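Below: one structure in structure tokens.
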């Protein structure tokens, strides 16, 4: 398919496209997975395909395929779809003038060269790590490595090709005696710098510590969200309102709020496609716009929404490099890059007299993405007493509002973690409503 | 290679070819028309106790694919040998009872589809609604299955459906209403009154603006068919998936034959129904069949693949995959069977509590048997009567406690189509239930 990308651009012009874009993506991944403490399977996956955007009279058509013999058909359908649609007055044009920054740390030759035996060893390290803490068993998990290649071409002269690698480990554990409790841990990186053994160990320790949870009274209290928990809330309840598309369509709780105070002044938030070795780092976004660092919240004040080239054209601003695609099957839409939560760090648990520490949450995807309201179940929660984690809490519901929450942040830990693209420390929020 | 193949005791291939169309209409304007054409295959090979899996997109050389998967299985077994995996024996499936399609959506012009969506969008835009979104999805695919056991079978299926959402806002407050229907054949749009559904979505969004957020706490509740269906699927169905049971990640482990629920409760998984989770055979070529997970409150059966059926004893038929992914144990059409209570009777039973309606999704921890679901909306029940509308309400608790606290089961079973995620794969499913009265549950609110 790679060899056909340039040809496809020509086909689109020939079929009558005034502007056209070819998005080629290939991915090769190898995963070694275990169930309980035994390796269960190895998966090798090759995925490769082309997505075509064709523009006729300010209207866009899109088609995609992974089959060389369907490519010409797909290109023609993309053009035909564009012809069906009415002119879109908000369409400005495909990106042009790509001058790209240099990014580093996103491709590691060693990841690409890993032999199956080594992949198996990393998966086994996850399992071995869980065994260091007696009384727990892994339930499932695995090691994965991937190598991706992406080529974007358009009729405005954009041509950008990038290669990247990724490795990840995931482990879910359960206690074997007494009350049942579970925990998980995971990590993802561009290179082989993950300590898989430590990952298994930390999941096991957390499951064990969570055993024999107590019931607590409904109350308003300080809650410290671990990066896993906080990033879930950010992604599901805050990020959708920063998406310029939602703002323009009246589906954002942050509409008309630029330059307003959104959060306490100690908080800043950056969206950054350039950081070294970031999971969302690349020279360009998924439509060929150069990546950049965008200040989203500066000292508590909302500075901008996030734009892809279409929403930027509609608003008369520059794209922030947030054109994003899940795969070659979808046209671009606004998505987060590396999303960095910045708040002065302290030993936040030690500074907390009483409250709740929450490691993970379930149900964040049920949040109201417009109003920011959420109601989630806490996992691996602990009471905090005199600056230390005290007792595990069996069952706990936390409800609140993402925008209100930003105004009530009172602390952050030193434990910054890359949860996929979201980079955040543990965050303490006052006056959260919890029901035990 | 010959050396390796001697140790491969089983392999199978699924070749899938298909195309899909999606149209997105936003505020009456076409936002996206996209088509996709795809072909690919997923190939499994088993060496003693290790599985190798290869997925390939594009042009497929099956022989090479089988060799690649076999090599993975072989080297894994060489590195970390495991106990032999047995597979429950199956016969070639009978392909029967495929959903009949009266109007092939591919025969309907795209302009007509766009007009239909515009009508739906306009119907959702009732007074107070300021934005609407309508999505149309159509997909057709052909699956060919063959295995080293000599099973060869194939079928084609065509899905269509739509989803509409409406957003109303007032004083910086936003509320949404959603409706969707999925099925087989374009006649879906004749059978269902889609314009009325769209208006319902719009009205819900507007009504929720005025709704209060109630105080949470423990109380008796009445669940509507959709929310009770989500409970059946998420809390009970997932825990009955035999792979999770074998992993030690299910609250239902070692409970077959035990009374785990109120005797009023029967929960069934049935892929032969022409609901959204229909299939004639699963991703291992096993004939689809109805399974009673819980019968009269007694845990009766888990859901099985060939591997889990051989390990735990049971019948395969619930192994499914999204596209070229490796098949895992999944549900199909999962529902709580009808009881005989009338709605009014159930209100009277709950007396003072909450009526929870619809679902904005939920999650469950199958190992600990705890869950959390957010309702779309609710009504307070006072003195056995529905009173004011409430929003931002959720239901959480322990699966087994809720199953035992069911005090009445309605007679108005209704199914809802959706997509279920597990192991990073989405598959079409449906779930449903009649209304359920529950004597005690934890409701989350303000």
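Kindly indicate whether residue B:11 is more than 8 Å from every other protein chain (Cβ to nearest Cβ) and either under 22 Å from residue A:48 (Cα atoms) or buried (at least 21 other Cβ atoms within 10 Å of the Cβ) (or both).
When the stated conditions are applied, residue B:11 passes them.
For residues that are in a loop (DSSP other than H, G, I, E, B) and facing chain A (nearest Cβ under 7 Å), scanning just region B:56-68, find the one that is farthest from residue B:327 (Cα to Cα).
Filtering region B:56-68 for residues in a loop (DSSP other than H, G, I, E, B) gives B:58-61.
Subsequent filtering for residues that are facing chain A (nearest Cβ under 7 Å) retains B:58-59.
Numbers: B:58: 20, B:59: 21 Å.
Taking the candidates together, the pick is B:59.
While we're looking at this one, here's another question. Does region B:70-82 hold any residues that are within 8 Å of chain A (Cβ to nearest Cβ) and out of contact with any helix residue (DSSP H, G or I) (no Cβ under 6 Å at 6 or more places or on another chain), and which are they?
We begin by selecting, within region B:70-82, every residue within 8 Å of chain A (Cβ to nearest Cβ); these are B:72-73, B:75-76, B:79-80, B:82.
Scanning region B:70-82 gives B:72, B:73, B:76, B:80, B:82.
Can you report the number of residues in region A:27-44 which are more than 8 Å from every other protein chain (Cβ to nearest Cβ) and either within 25 Å of the chain's Cα centre (by Cα) or buried (at least 20 other Cβ atoms within 10 Å of the Cβ) (or both)?
Looking only at that region, the number is 7.
Mind counting the residues in region A:302-331 that are surrounded by 24 or more Cβ atoms within 10 Å (Cβ to Cβ), within 14 Å of chain B (Cβ to nearest Cβ) and in a loop (DSSP other than H, G, I, E, B)?
The qualifying residues number 3.
Looking at (1) away from chain A (no Cβ under 14 Å); (2) outside any strand (DSSP E or B), find the lone condition where residue B:368 falls short.
Condition not satisfied by residue B:368: (1).
Looking only at region B:240-249, count how many residues are over 18 Å from the mean Cα position of the chain (by Cα), crowded, with 24+ Cβ neighbours inside 10 Å and within 10 Å of chain A (Cβ to nearest Cβ).
Summing the residues that are over 18 Å from the mean Cα position of the chain (by Cα), crowded, with 24+ Cβ neighbours inside 10 Å and within 10 Å of chain A (Cβ to nearest Cβ) in region B:240-249 gives 1.
Let me ask another. Name the residues in region B:307-329 that are farther than 15 Å from residue B:145 by Cα, in contact (Cβ under 8 Å) with a residue 60 or more places away in the chain and out of contact with any helix residue (DSSP H, G or I) (no Cβ under 9 Å at 6 or more places or on another chain), would you?
Of everything in region B:307-329, just one residue is farther than 15 Å from residue B:145 by Cα, in contact (Cβ under 8 Å) with a residue 60 or more places away in the chain and out of contact with any helix residue (DSSP H, G or I) (no Cβ under 9 Å at 6 or more places or on another chain), namely B:310.
Tell me which of these residue A:318 doesn't satisfy, since it passes every other one: (1) without any contact (Cβ under 8 Å) to a residue 24 or more places away in the chain; (2) out of contact with any helix residue (DSSP H, G or I) (no Cβ under 9 Å at 6 or more places or on another chain).
(2)
Quick one: would you say residue B:377 is within 14 Å of chain A (Cβ to nearest Cβ), surrounded by fewer than 22 Cβ atoms within 10 Å (Cβ to Cβ) and in contact with a strand residue (DSSP E or B) (Cβ under 8 Å, 6 or more places away or on another chain)?
It is true that residue B:377 is within 14 Å of chain A (Cβ to nearest Cβ), surrounded by fewer than 22 Cβ atoms within 10 Å (Cβ to Cβ) and in contact with a strand residue (DSSP E or B) (Cβ under 8 Å, 6 or more places away or on another chain).
Which ones in region B:316-336 are farther than 30 Å from residue B:412 by Cβ and part of a loop (DSSP other than H, G, I, E, B)?
Matches in region B:316-336: B:321, B:322, B:323, B:324, B:325, B:326, B:327.
Pick from region B:162-176 the residues that are more than 12 Å from chain A (Cβ to nearest Cβ) and touching a helix residue (DSSP H, G or I) at 6+ places or on another chain (Cβ under 8 Å): which of them is nearest to residue B:358 (Cα to Cα)?
We begin by selecting, within region B:162-176, every residue more than 12 Å from chain A (Cβ to nearest Cβ); these are B:162-164.
So of that shortlist, the ones also touching a helix residue (DSSP H, G or I) at 6+ places or on another chain (Cβ under 8 Å) come out as B:162, B:164.
Numbers: B:162: 17, B:164: 15 Å.
Here the residue is B:164.
Residue B:393 versus (1) within 13 Å of another protein chain (Cβ to nearest Cβ); (2) in contact with a helix residue (DSSP H, G or I) (Cβ under 9 Å, 6 or more places away or on another chain); (3) buried (at least 23 other Cβ atoms within 10 Å of the Cβ): which is the lone unmet condition?
(2)
Considering only region A:408-416, I want to know if a residue exists there that is under 21 Å from the mean Cα position of the chain (by Cα), modelled with pLDDT under 90, in a strand (DSSP E or B) and in the same structural domain as residue A:241 (by TED's automatic domain parsing).
Scanning region A:408-416, I find no residue that is under 21 Å from the mean Cα position of the chain (by Cα), modelled with pLDDT under 90, in a strand (DSSP E or B) and in the same structural domain as residue A:241 (by TED's automatic domain parsing), so the answer is no.
Related question: Can you tell me which residue in region A:1-20 is nearest to the other protein chains (Cβ to nearest Cβ), limited to those that are surrounded by 17 or more Cβ atoms within 10 Å (Cβ to Cβ) and touching a helix residue (DSSP H, G or I) at 6+ places or on another chain (Cβ under 8 Å)?
Among them, the one singled out is A:1.
For region A:45-139, please list each of the helices (runs of 4 or more DSSP H) lying entirely inside it that holds at least 3 residues being modelled with pLDDT of 95 or more, surrounded by fewer than 21 Cβ atoms within 10 Å (Cβ to Cβ) and away from chain B (no Cβ under 14 Å).
A:109-113
Yes or no: residue A:271 away from every other protein chain (no Cβ under 14 Å), assigned to a strand (DSSP E or B), closer than 30 Å to residue A:145 by Cα and without any contact (Cβ under 8 Å) to a residue 60 or more places away in the chain?
no
Let me ask something additional. Just to verify a result, which residue in region A:420-436, among those that are outside any strand (DSSP E or B) and within 14 Å of another protein chain (Cβ to nearest Cβ), is farthest from residue A:400 (Cα to Cα)?
Among those residues, the one meeting the criterion is A:420.
Out of (1) buried (at least 19 other Cβ atoms within 10 Å of the Cβ); (2) out of contact with any helix residue (DSSP H, G or I) (no Cβ under 7 Å at 6 or more places or on another chain), the odd one out for residue A:386 is which?
(1)
While we're here: How about region B:23-55: which of its residues are at the interface with another protein chain (Cβ under 10 Å from one of its Cβ atoms) and under 21 Å from residue A:73 (Cβ atoms)?
B:23, B:32, B:33, B:34, B:35, B:36, B:37, B:38, B:39, B:40
Additional query: Give the residue, chosen from B:308, B:315, that is surrounded by fewer than 22 Cβ atoms within 10 Å (Cβ to Cβ) and modelled with pLDDT of 95 or more.
B:315
Now, a different point. Residues that are closer than 30 Å to residue A:370 by Cβ and at pLDDT 95 or above: find the helices (runs of 4 or more DSSP H) completely inside region A:151-249 holding 1 or more of those.
A:227-233, A:239-242, A:244-248
The values are calculated or read from the model by the stated rules, or taken from the named source; none is laboratory data. This is a predicted model, so every value here is computed, not measured. So basically every Cβ, Gly included, is an ideal-geometry build from the backbone, and we count neighbours across all protein chains shown.
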